[in-house]
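Some notes on the structure that comes next.
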Amino acid sequence: MTTSRIRTGMALALALALGTAGCNILDVNNPNNLTQQDVENVAAANAVVNGALATTMRGIDAMALPFMQVSDELKWIGSRDAWLQLDHGNVSDPNNEFVDAAFPSLAQGRWMADLAVSTIQGHLADDPSNSDLNEDMARASFIKGMIYSYIAQYMQSFAFSDRTEPGPEIPAASMDRVFGQAIEALDQAVSQAQAVGDSDLALKALAVRAQAKHARAVRAKYNPTYSPGDGLVNDAGAKSDAAAVIAQVGTTSDWKYDFIFSSSTIGSSRGAWINQRAEQIFGARYAETDPASPASVIGFPFMDPIDNVSDPRVKTAIEDFLAAQSFPSLTIASAREMHLILAEAELASGNTAGAITHINHVRSITGMSPYSENENGVSVKDMLIHERTANLFGQGRRLPDMYRFGIASDNWLPDSEAMTAPGGLLPITCVEIRANPEIQTGRSRC
């Protein structure tokens with residue numbers, strides 16, 4: 001659960017006033033407007049950090065939906081063809097209206113995170129021993145690390161523009177440095193949180209750093225060059241961080257860090273489009289739907305290969321999502337994922353027994369029977385893939401796993417990009433291309 005201290009009014013006012021590149025929607029005589037000088041006031045420091053968290057949550061959530069739509073976790077059932085384009089496995093169109101709509105939220109979150117870091121750094125230069133500012137600095141570094149990591153996971157390329165000042169395109173071949181910036185910020189968040197005695201924040205930052213390091217190694221398997229091999233990764237840093245998280249929370253803990261959306265903070269794009277508008281529903285591998293009412297889930301066909309039942313982890317994830325209506329949570333890091341990072345590292349290094357140990361920790365946490373090597377004809381690698389699918393459902397991990405393990409969605413067309421050139425991620429979209437003369441990729445399609 002988040003312990004975010006979001007003060008909604010101030011946070012969203014900051015987001016709207018400062019985070020919207022190229023817009024001047026508040027250029028009116030309004031006594032409630034915030035100026036740059038207001039934001040730079042030390043009294044607003046905590047509100048700036050809260051604004052960065054709110055916009056980061058909104059941006060990651062907004063881009064998660066088209067990212068999930070390309071995978072087999074979702075299928076299109078509505079009326080908007082741009083969702084169908086993603087569903088069919090065509091990911092690169094910068095003019096796709098839903099990726100284009102999500103891009104500003106992601107860009108605003110990144111800009112606000114950078115603003116929070118630079119603002120608090122300025123205040124600390126004048127008052128380095130201020131405990132509140134040091135706590136805000138740890139939170140700001142954590143938020144920056146999160147959104148940079150997700151940008152590197154979601155996006156084929158990116159540009160760090162500064163409101164109306166265009167930033168150069170960071171091409172796919174250079175996106176590894178965005179991961180590097182994410183990890184650097186998370187390094188700072190861990191040490192800063194430890195310094196102020198915020199063990200909860202330090203734990204979250206450590207877990208998100210483990211996930212970022214693992215995701216960086218995963219992306220290298222398929223983007224910018226598709227060369228997955230066996231698909232497995234063994235990143236020493238991710239392994240070390242994941243082990244440190246497990247050491248803190250305990251082997252049997254079901255700890256997780258979620259973004260919590262609510263009517264008193266911000267809503268979720270995923271909740272709006274899936275639950276409210278019914279443009280998509282969960283994929284046929286995971287949910288059986290009523291032919292007479294396609295948005296109604298009536299069964300759960302994704303089976304656990306050991307217990308031979310509908311996998312309750314996926315069933316619970318779908319049921320909880322649907323019950324949340326406009327406000328489904330989004331898991332950012334979890335003890336389950338840490339165990340799975342460790343299991344994969346052990347398997348990649350040839351330690352089959354070690355991999356099975358971590359797989360069975362996850363299965364024990366979630367009430368499933370233990371797995372033995374090649375039980376029911378299931379290899380350790382296939383069991384790892386199953387556990388990642390079941391335990392990380394809806395968290396934005398599925399498409400990278402599909403790419404690196406050679407798994408195709410039933411919805412991908414034979415001539416789609418996902419089938420003919422697997423590994424493509426979401427593009428810089430027309431909303432940025434039209435405003436940024438430094439970006440050439442995709443310009444002819446805008």
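If I go through the range 282-301 residue by residue, how many of them are touching a helix residue (DSSP H, G or I) at 6+ places or on another chain (Cβ under 7 Å) and within 25 Å of F259 (Cα to Cα)? Before you say what the answer is, go through the steps one by one.
Step one: of the range 282-301, the residues touching a helix residue (DSSP H, G or I) at 6+ places or on another chain (Cβ under 7 Å) are 282, 286-287, 297, 300.
Pick out the ones that are also within 25 Å of F259 (Cα to Cα) and you get 282, 286-287, 297.
The number of residues fulfilling the criteria is 4.
With the structure loaded, tell me whether A152 is in contact with a strand residue (DSSP E or B) (Cβ under 9 Å, 6 or more places away or on another chain), under 21 Å from R58 (Cβ atoms) and either of a type outside the set (S, T, N, Q) or free of Cβ contacts under 8 Å to residues at least 60 places away in the same chain (or both) or whether it fails that test. Here the answer is yes, as A152 does meet what is asked.
Considering only the range 98-120, I want to know if a residue exists there that is more than 30 Å from A284 (Cα to Cα) and touching a His at 6+ places or on another chain (Cβ under 9 Å). Explain how you work it out, then say what you get.
Quick first cut of the range 98-120, residues more than 30 Å from A284 (Cα to Cα) only: 104, 107-120.
Checking which are touching a His at 6+ places or on another chain (Cβ under 9 Å) leaves us with none.
Checked against the condition, which is being more than 30 Å from A284 (Cα to Cα) and touching a His at 6+ places or on another chain (Cβ under 9 Å), the range 98-120 yields no hits at all.
Could you look through the range 163-188, keep only residues that are assigned to a strand (DSSP E or B) and free of Cβ contacts under 8 Å to residues at least 60 places away in the same chain, and pick out the one that is farthest from K204 (Cα to Cα)? Even if it seems obvious, please write down each step before you answer.
Step one: of the range 163-188, the residues assigned to a strand (DSSP E or B) are 165, 169-170.
With the extra rule that they be free of Cβ contacts under 8 Å to residues at least 60 places away in the same chain, the set shrinks to 165, 170.
On the way: E165: 33, I170: 28 Å.
Out of the qualifying residues, it is E165.
Among the criteria (1) surrounded by fewer than 18 Cβ atoms within 10 Å (Cβ to Cβ); (2) of a type outside the set (F, W, Y); (3) assigned to a strand (DSSP E or B); (4) within 22 Å of the chain's Cα centre (by Cα), the one A295 does not fulfil is (4). Figure legend. Inter-residue proximity from the range 55-76: first residues modelled with pLDDT of 95 or more and in a helix (DSSP H, G or I), second residues surrounded by fewer than 24 Cβ atoms within 10 Å (Cβ to Cβ) and among the β-branched types (V, I, T), beta-carbon distance below 6 Å, spacing 6+ or different chains. Indicated pairs: R58/I266. Could you tell me whether I439 is farther than 18 Å from Q69 by Cα and either over 25 Å from the mean Cα position of the chain (by Cα) or among the charged types (D, E, K, R) (or both)? When the stated conditions are applied, I439 does not pass them.
When F300, F327 are checked against the criterion of being of a type outside the set (D, E), without any contact (Cβ under 8 Å) to a residue 24 or more places away in the chain, surrounded by 15 or more Cβ atoms within 10 Å (Cβ to Cβ) and in contact with a Ser or Thr (Cβ under 7 Å, 6 or more places away or on another chain), a single residue qualifies: F300.
Quick check on my filter: what residues within the range 198-249 are touching a Leu at 6+ places or on another chain (Cβ under 7 Å) and under 21 Å from V380 (Cα atoms)? Within the range 198-249, L232, K239, A242, A243 meet the criteria. Residue pairs whose Cβ atoms lie under 7 Å apart, separated by 6 or more positions or on different chains, with the first residue in the range 250-263 and over 10 Å from R336 (Cα atoms) and the second among the acidic types (D, E), are F259/D61. Considering only residues in the range 116-158 that are among the charged types (D, E, K, R) and buried (at least 24 other Cβ atoms within 10 Å of the Cβ), the one that is nearest to S105 (Cα to Cα) turns out to be K144. Within the range 388-428, being closer than 30 Å to D254 by Cβ, assigned to a helix (DSSP H, G or I) and β-branched (V, I, T) holds for one residue alone: T389. Across the range 223-265, the number of residues qualifying as assigned to a helix (DSSP H, G or I) and either crowded, with 23+ Cβ neighbours inside 10 Å or in contact with a strand residue (DSSP E or B) (Cβ under 8 Å, 6 or more places away or on another chain) (or both) comes to 4. Assess whether G396 counts as being in contact (Cβ under 8 Å) with a residue 40 or more places away in the chain, surrounded by 20 or more Cβ atoms within 10 Å (Cβ to Cβ) and over 25 Å from R336 (Cα atoms). So G396 does not fit the description; no. Would you point out the residue of the range 429-446, among those that are touching a helix residue (DSSP H, G or I) at 6+ places or on another chain (Cβ under 7 Å) and assigned to a loop (DSSP other than H, G, I, E, B), that is surrounded by the most Cβ atoms within 10 Å (Cβ to Cβ)? Looking at residues that are touching a helix residue (DSSP H, G or I) at 6+ places or on another chain (Cβ under 7 Å) and assigned to a loop (DSSP other than H, G, I, E, B), I get T429. Take the range 51-105 and flag every residue that is within 29 Å of T265 (Cβ to Cβ), out of contact with any Ser or Thr (no Cβ under 6 Å at 6 or more places or on another chain) and among the charged types (D, E, K, R). E73, R80, E97 - these are the residues of the range 51-105 that are within 29 Å of T265 (Cβ to Cβ), out of contact with any Ser or Thr (no Cβ under 6 Å at 6 or more places or on another chain) and among the charged types (D, E, K, R). Scanning the range 276-292 for residues that are part of a strand (DSSP E or B) and loosely packed, with under 14 Cβ neighbours inside 10 Å yields a single hit, D290.
If you check S118, S141, S149, S191 for being of a type in the set (S, T, Y), under 30 Å from Y226 (Cβ atoms) and at pLDDT 95 or above, only one passes: S149.
The values are calculated or read from the model by the stated rules, or taken from the named source; none is laboratory data. Not measured: the values here are computed from a predicted model. Don't worry about glycine lacking a Cβ; one is built from the backbone with ideal geometry, like all the others, and counts go over all protein chains shown.
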